[in-house]
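What follows is a set of notes on a single structure, which appears directly below.
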Amino acid sequence: MAKFTQNIILFDLDGTLTDSAEGIVRSAQYMQKKMGMPIWQAEDLRFMVGPPLRESFRDGFGMNETQIEQGILYFRERYFSVGLFENAVFDDIKETLQTLLAMGKRLAVATSKHQSTALRILEHFGLTEYFEIIGGDENTSARNTKAKVIAYVMEEMHADPKDIIMIGDRKYDIEGAHEMGISAIGVLYGYGSMEEFNACGADGIAKTPKDIVSLFT
């Protein structure tokens, strides 16, 4: 098994640190109802966990730009008040973060979720203390792709691309990292699959949170 030596580790949020599918799916169903759309079954909406909302609404629902803007407003209407806490930290995540910090690693979050929402979730679950930077999308859409979020975090941490690595559960994490010239590890306990990671060229695979530590020791 390949070992990684990078000192700065970026974590995705949804599907990597927390199991957030319930809140996202229910908020998507709420959006569909408000827009007069057929309400899909939960299993048909799991594609929404991970990608930026605009991408999910465009590619998953076939919305035009006007519909996307309205859909995001409805989605966030429920998600910001209820959905973000329909969520749970994956088993062994806190222990994994503690171990990595004890090894001298610097940790940060790079998520496609709105940055203020990510902060609320991490504060709610007592995870903020582990991270130097929590980076996400923001109101001007200047960070509306995973690569742009990663670029922001790298700049804030004054990181050398050779000394930083991304950990996430979907191809967007891997592709965003590679776009910024950094390596990426895919986790299989989230919402992605080995087939997805093979297709996008993940540099490493972790089946469980504890496996993340083993990739650095």
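Points worth noting:
- Label-point separation in nm, F4 to N198, each point 7 Å along Cα→Cβ: 2.1
- Looking at the chain, the accessible area is 45 square angstrom per residue; that uses a 1.4 Å probe and ignores ligands, DNA and RNA.
- For R143, the amide hydrogen comes within under 5 Å of the amide hydrogens of E138, counting only partners 5 or more places away or on other chains and with H modelled in the peptide plane.
- Angle of helix 146-156 to the longest C-alpha principal axis of the chain, folded into 0 to 90 degrees and rounded to 10: 50°.
- Quotient of Cα Rg and 2.2 N^0.38 Å for the chain, N being how many residues it contains: 0.98
- Ellipsoid fit via the Cα gyration tensor, the range 1-67: semi-axes of 31, 14, 10 Å, each the root of five times an eigenvalue, largest first.
- Using C-alpha pairs under 8 Å with a sequence gap of at least 6, the mean separation divided by the residue count of the range 119-205 gives a relative contact order of 21 percent.
- Dipole magnitude (debye, nearest 20) for the chain, charges at Cβ of Lys, Arg, Asp, Glu: 220
- Built from the Cα atoms of the range 1-117, the convex hull projects on average onto 8.9 nm², one quarter of its surface area.
- A full extension of the chain between I39 and V82 corresponds to an added length of 13.6 nm, given 0.36 nm per residue minus the alpha carbon distance.
- Separation of the range 140-183 from the range 1-53 is 18 Å, based on Cα centroids.
- Taking the DSSP bridge list for the chain and keeping only pairs wholly inside it, about 10 percent are antiparallel.
- The range 79-166, accessible surface, carbon-and-sulfur percent (1.4 angstrom probe): 49
- Mean Cβ count within 10 Å, highest first, over the residues of peptides 25-35, 184-194: 184-194, 25-35
- Under 5 Å from the amide H of D169 lie the amide H atoms of V187, each residue being 5 or more positions distant or on a separate chain, with H modelled from the backbone and absent for Pro and chain starts.
- Both radii are taken from the alpha-carbon atoms of the range 130-198; with Rh as the Kirkwood radius, Rg/Rh is 0.97.
- Pair E155, S116: separation of 7 Å Cα→Cβ label points (nm): 2.1
- Think of it as helices only: each DSSP H run of n ≥ 4 in the chain is worth -39500 (n - 2.57), and spread over all residues that comes to -11000 deg cm²/dmol at 222 nm.
The values are calculated or read from the model by the stated rules, or taken from the named source; none is laboratory data. Just so you know, these numbers come straight off a predicted model, no measurement behind them. Cβ sites come from the backbone with ideal geometry, for glycine too, and all protein chains shown count toward neighbours. Accessible surface areas use protein heavy atoms only, side chains included; no ligands, DNA or RNA. Shrake-Rupley method; radii C 1.70, N 1.55, O 1.52, S 1.80 Å.
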